[in-house]
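One structure is given below, encoded as structure tokens.
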Amino acid sequence: MELFLDPSDHRSLSRQLYDQIREAIADGRLPPGGRLQPSRAAAKDLGVARSTVTDAYTRLAAEGHIAGRRGGGSVVVGHAFPRPAQAAARTALTPTAQAAAVRRYGTDWQPHSGFDLRAGQVDTRMFPVADWRRSTNRAVTRLARHYGHYGDPAGSIALRGTLTHWLARSRGVAATPESIVVTQGAGHAVDLLARVLLRPGDVAAVEEPGYPPVTNLLRSLGITVVGVPVDDHGLIVDALPATARLVHVTPSHQYPLGVILSRQRRLALLHWASRHGAAVIEDDYDSEFRYTTRPLEPLHRLDRDGRVIYVGTFSKTLSPTLRTGFAVVPPGLVPAITTVRQVVDAGPPPLITEALDVFIEQGHFDRHLRRSRKVYAERHNAIRTALSSLSRSRLTVIPSQVGLHMTLLAPDAPDDDELIERAARRGLRLSSLRLTYQHGEPQAGIVLGFGALNTVDIAQAIRLLDRCLG
Ligand SMILES: Cc1ncc(COP(=O)(O)O)c(C=O)c1O
């Protein structure tokens, strides 16, 4: 801990030290067990006599705040003070109304005992620890000569090259290494694109219901967000506001309803964007998990105008802990995006991107995807079967053949909170459909994420859900 002395202060130097350390212990900056700098070293750093420091330490020890440690030095004594919560909270600053209006989504990050059917869960037990460790070791060695440098703000060109090949073979997306920007997940890609393409006050269109973090992110940037309804064929293009400068869509697997944007709507959306001079963000967040249907051509492939930005993420395919995704950007926008990226966070962490490059290049990613697809296909089948046997048919299942969640509408229920609370009390965690409506009248229902449970647990969890419905 840094200590400061002010010769013009009316208190003695020793008293100033005592007060600072005591305050740091009180507000938790110096936690129980934390070590104080040895008095000789502290005196040298501060340019004072050693006795100035020892006087302060002696008083702190006498009052029970610190204790001598075997082998020398002093440590903070546990629970010397109850930690006053207000100390950390106290501030004269307030967030702007724009920032305060941003709502959190999915605030509970703790793993739970019982059955976790919340949306967005992946199976942490499937993370390929050994292959990732080998890839990381390799990356540590490969980067040996680069530790003193920041990386490329768009991500290493090696990884962008690897992603180019992977995108071509997995999604038929034609990219070049130079057109790819590696980001901290899909959300961050939307942030960068909005910063470059929109001004505060501009209008952006998102799906309704949709993925709340995108709406909140855009609002935090001062953008006016309009929700556009979704039907069985995906986003209703005719309902797009003519003023929208940007449209965010999830064509492969609409979040949360799970429908696929039809080919006709894809063409209509591109035509609309071209007529209105708007950009389209194609968020392909979980398209890698497709079970029976053949994929439709991505918007990016159909785009003749350079209006579509394809966004992907490793949050579902590998792990959200990597905080890695990417955007395939029209070449003309790359310099602006890379420049903004550099001033915001200097670029993705080279250790992660290098490890990911090794991981994909050496075939671990393809292998992992094959394995996970098989497992998730079994779980998808298990949840469909279990849902079809729900005895109380107050819930309508929206058919879906892609991704890691299924959505159920509760047309008769006024809201879904009560069901979710009842289920939580019985050890079943669910996500609310209502919370994915950010603009107009919400529909009640639940979004069931089946990624984290095995097939036996899925069957049991749905039986439990059935009982909660009664
Ligand atoms: C529509 C949508 N986009 C993106 C993501 C993932 O975002 P990120 O890559 O920022 O973790 C999710 C996660 O559930 C999502 O539902």
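The values are calculated or read from the model by the stated rules, or taken from the named source; none is laboratory data. What you see is a predicted model; the values in this text were computed from it and never measured. Using ideal geometry, Cβ is built from the backbone for each residue, glycine included, and neighbour counts are taken over all protein chains shown. We work out accessible area using only protein heavy atoms, side chains counted, and drop any ligands, DNA or RNA first. Shrake-Rupley method; radii C 1.70, N 1.55, O 1.52, S 1.80 Å.
Summary of values
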{"item": "Evaluation of residue 358 against (1) within 16 Å of the ligand (Cβ to nearest atom); (2) in a helix (DSSP H, G or I) (one fails), failing number", "result": "(1)"}
{"item": "Selection within region 170-182 - of a type outside the set (D, E, K, R) and in contact with a Lys or Arg (Cβ under 8 Å, 6 or more places away or on another chain)", "result": "172, 173, 174, 177, 180, 181, 182"}
{"item": "Count of region 323-353 residues which are of a type outside the set (Lys, Arg), open to solvent by 20 Å² or more (accessible area, probe 1.4 Å) and within 16 Å of the ligand (Cβ to nearest atom)", "result": "4"}
{"item": "Residues of region 446-463 satisfying the condition of being out of contact with any Pro (no Cβ under 8 Å at 6 or more places or on another chain), buried (at least 17 other Cβ atoms within 10 Å of the Cβ) and more than 18 Å from residue 374 (Cα to Cα)", "result": "446, 448, 461, 462"}
{"item": "Subset tally (residues that are surrounded by 12 or more Cβ atoms within 10 Å (Cβ to Cβ), among the polar types (S, T, N, Q) and within 16 Å of the ligand (Cβ to nearest atom)) for region 97-143", "result": "2"}
{"item": "Total residues in region 307-361, condition more than 30 Å from residue 267 (Cα to Cα) and in contact with a helix residue (DSSP H, G or I) (Cβ under 8 Å, 6 or more places away or on another chain)", "result": "20"}
{"item": "Yes/no for residue 412 being of a type outside the set (A, V, I, L, M, F, W, C), under 25 Å from the mean Cα position of the chain (by Cα) and surrounded by fewer than 16 Cβ atoms within 10 Å (Cβ to Cβ)", "result": "no"}
{"item": "Selected residue (criterion: nearest to residue 65 (Cα to Cα)) from residues of region 10-36 that are modelled with pLDDT of 90 or more and outside any helix (DSSP H, G or I)", "result": "36"}
{"item": "Members of region 196-215 found to be open to solvent by less than 10 Å² (accessible area, probe 1.4 Å) and part of a helix (DSSP H, G or I), listed by number", "result": "212, 214, 215"}
{"item": "In region 279-322, the residues that are buried (at least 22 other Cβ atoms within 10 Å of the Cβ), among the aliphatic types (A, V, I, L, M) and in a loop (DSSP other than H, G, I, E, B)", "result": "318"}
